[in-house]
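A short write-up of the structure that comes next.
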Amino acid sequence: SLKLAKFEEKTIKGLRSELPEEIAINNPLDIWGDADYLRYDVALKHLTEDKSIDVILCNILFQRGPIDEKVVEVLKKYKDKKPIFVMCYGGNYTKEIMEKTVEFFENKGKVKLKEDDHERVWYKDFL
(Lines give C-alpha, C1' and ligand atoms only; values in the text may rest on other atoms or scores of the structure.)
Protein backbone atom coordinates (compact mmCIF):
# COMPACT_ATOMS: atom_id res chain seq x y z
CA SER A 1 0.00 0.00 0.00
CA LEU A 2 1.05 3.58 -0.54
CA LYS A 3 1.72 5.94 2.31
CA LEU A 4 1.55 9.70 2.15
CA ALA A 5 4.87 11.31 3.02
CA LYS A 6 5.19 13.54 6.06
CA PHE A 7 6.63 16.82 4.79
CA GLU A 8 10.05 17.79 6.10
CA GLU A 9 10.10 20.89 8.31
CA LYS A 10 11.99 22.93 5.70
CA THR A 11 9.30 22.04 3.13
CA ILE A 12 6.54 23.21 5.48
CA LYS A 13 8.37 26.47 6.22
CA GLY A 14 9.12 27.10 2.55
CA LEU A 15 5.54 26.46 1.45
CA ARG A 16 4.16 28.61 4.28
CA SER A 17 6.43 31.48 3.34
CA GLU A 18 5.44 31.48 -0.35
CA LEU A 19 1.84 30.26 -0.58
CA PRO A 20 -1.27 32.21 0.48
CA GLU A 21 -1.81 31.94 4.23
CA GLU A 22 -5.25 30.36 3.71
CA ILE A 23 -3.71 27.22 2.20
CA ALA A 24 -3.26 24.38 4.67
CA ILE A 25 0.19 22.83 4.43
CA ASN A 26 -0.73 19.15 4.55
CA ASN A 27 -0.23 16.09 2.41
CA PRO A 28 -2.06 16.03 0.10
CA LEU A 29 -1.29 19.67 -0.61
CA ASP A 30 -4.27 21.53 -2.07
CA ILE A 31 -3.10 24.76 -3.71
CA TRP A 32 -6.73 25.57 -4.63
CA GLY A 33 -8.61 25.86 -7.87
CA ASP A 34 -7.56 29.48 -8.39
CA ALA A 35 -3.88 28.50 -8.63
CA ASP A 36 -1.89 29.89 -11.52
CA TYR A 37 1.32 28.42 -12.92
CA LEU A 38 3.39 30.40 -10.39
CA ARG A 39 1.70 28.67 -7.46
CA TYR A 40 2.41 25.29 -9.07
CA ASP A 41 6.03 26.38 -9.44
CA VAL A 42 6.29 27.23 -5.73
CA ALA A 43 4.70 23.94 -4.68
CA LEU A 44 6.81 21.80 -6.99
CA LYS A 45 10.01 23.62 -6.04
CA HIS A 46 9.57 22.66 -2.40
CA LEU A 47 8.04 19.21 -2.93
CA THR A 48 10.77 18.05 -5.32
CA GLU A 49 13.45 19.04 -2.77
CA ASP A 50 11.76 17.10 0.06
CA LYS A 51 13.63 13.82 0.64
CA SER A 52 10.57 12.18 2.23
CA ILE A 53 8.63 12.42 -1.04
CA ASP A 54 9.24 9.76 -3.69
CA VAL A 55 6.51 10.60 -6.22
CA ILE A 56 4.25 13.59 -6.86
CA LEU A 57 0.68 13.36 -8.15
CA CYS A 58 -0.25 16.72 -9.59
CA ASN A 59 -3.92 17.45 -10.26
CA ILE A 60 -4.43 20.42 -12.54
CA LEU A 61 -7.82 22.03 -12.86
CA PHE A 62 -7.80 23.65 -16.29
CA GLN A 63 -10.49 26.29 -16.41
CA ARG A 64 -10.71 29.61 -18.08
CA GLY A 65 -8.93 31.77 -15.62
CA PRO A 66 -5.57 31.79 -13.93
CA ILE A 67 -4.16 28.47 -15.18
CA ASP A 68 -2.92 28.06 -18.73
CA GLU A 69 -0.34 26.17 -20.76
CA LYS A 70 2.49 27.84 -18.82
CA VAL A 71 2.01 25.15 -16.19
CA VAL A 72 3.49 22.68 -18.71
CA GLU A 73 6.76 24.62 -18.61
CA VAL A 74 6.69 24.45 -14.82
CA LEU A 75 6.20 20.68 -14.91
CA LYS A 76 9.06 20.29 -17.40
CA LYS A 77 11.30 22.33 -15.08
CA TYR A 78 10.95 19.71 -12.31
CA LYS A 79 10.52 16.51 -14.34
CA ASP A 80 14.07 15.28 -13.70
CA LYS A 81 13.96 15.81 -9.94
CA LYS A 82 11.16 13.34 -9.07
CA PRO A 83 8.53 11.32 -10.90
CA ILE A 84 5.51 13.58 -11.40
CA PHE A 85 2.20 12.09 -12.51
CA VAL A 86 -0.27 14.64 -13.84
CA MET A 87 -4.07 14.50 -13.93
CA CYS A 88 -6.03 17.23 -15.68
CA TYR A 89 -9.72 17.87 -15.46
CA GLY A 90 -12.11 20.75 -15.69
CA GLY A 91 -14.60 22.48 -17.92
CA ASN A 92 -14.59 23.52 -21.56
CA TYR A 93 -10.96 24.58 -21.48
CA THR A 94 -9.91 21.05 -20.52
CA LYS A 95 -12.10 19.70 -23.30
CA GLU A 96 -10.38 22.01 -25.81
CA ILE A 97 -6.92 20.95 -24.63
CA MET A 98 -7.95 17.27 -24.69
CA GLU A 99 -9.32 17.60 -28.23
CA LYS A 100 -6.07 19.23 -29.38
CA THR A 101 -4.14 16.38 -27.74
CA VAL A 102 -6.26 13.70 -29.40
CA GLU A 103 -5.96 15.47 -32.76
CA PHE A 104 -2.17 15.66 -32.40
CA PHE A 105 -1.83 11.93 -31.78
CA GLU A 106 -4.43 10.93 -34.37
CA ASN A 107 -2.54 12.94 -36.98
CA LYS A 108 0.60 10.94 -36.18
CA GLY A 109 -1.22 7.73 -37.16
CA LYS A 110 -1.43 4.42 -35.30
CA VAL A 111 1.51 2.76 -37.09
CA LYS A 112 3.79 5.75 -36.42
CA LEU A 113 2.67 5.94 -32.78
CA LYS A 114 3.47 2.26 -32.24
CA GLU A 115 6.86 2.61 -33.90
CA ASP A 116 7.68 5.69 -31.86
CA ASP A 117 6.50 4.01 -28.67
CA HIS A 118 8.84 1.09 -29.24
CA GLU A 119 11.68 3.48 -30.02
CA ARG A 120 10.79 5.63 -26.97
CA VAL A 121 10.41 8.77 -29.06
CA TRP A 122 9.35 11.89 -27.17
CA TYR A 123 7.22 14.32 -29.18
CA LYS A 124 8.82 17.71 -28.71
CA ASP A 125 6.34 19.14 -31.18
CA PHE A 126 3.53 18.16 -28.80
CA LEU A 127 4.92 20.23 -25.97
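The values are calculated or read from the model by the stated rules, or taken from the named source; none is laboratory data. Predicted, not measured: the structure shown is a model, and the values here were computed from it. Note that we place each Cβ from the backbone using ideal geometry, even for glycine, and neighbour counts take in every protein chain shown. When the accessible area is computed, the model is the full protein with side chains, heavy atoms only, and any ligands, DNA or RNA have been set aside. Shrake-Rupley method; radii C 1.70, N 1.55, O 1.52, S 1.80 Å.
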Residues of the chain: accessible area per residue with a 1.4 Å probe, Å² = 73
From the list (i) 11, 34, 37, 17, 1; (ii) 12, 42, 37, 8, 0; (iii) 11, 36, 32, 17, 4, 0, can you say which value of P(r) over Cα pairs in 10 Å bins from 0, in percent was derived from the structure given?
-> (iii)
Please check the chain for the longest run free of trypsin sites (Lys or Arg not before Pro) that are loop-located per DSSP (anything but H, G, I, E, B) and have at most 10 other Cβ atoms within 10 Å.
-> 52-119
Taking placed amide H atoms and a strict 5 Å upper bound, the residues 5 or more places from residue 59 or on another chain that come that close are 87
Could you calculate the FRET efficiency of residue 9 with residue 72 from 1/(1 + (r/R0)^6), where r is the beta carbon distance between them and R0 is 30 Å, rounded to 0.05?
-> 0.45
Relative contact order for the chain: what is it in percent, counting Cα pairs under 8 Å that are at least 6 residues apart?
-> 22
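Quick one: with all protein chains in place, what share of the accessible area of the chain is carbon or sulfur, to the nearest percent (1.4 Å probe)?
Answer for the chain is 53 percent, counting heavy atoms of protein chains only.
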Ordered by number, the GluC sites (Glu not before Pro) in segment 1-99 that occupy a DSSP loop and have at most 11 other Cβ atoms within 10 Å are 21, 22, 69
What length, rounded to one decimal in nm, is gained on full extension from residue 110 through to residue 93, with 0.36 nm per residue of separation minus their alpha-carbon distance?
-> 3.5 nm
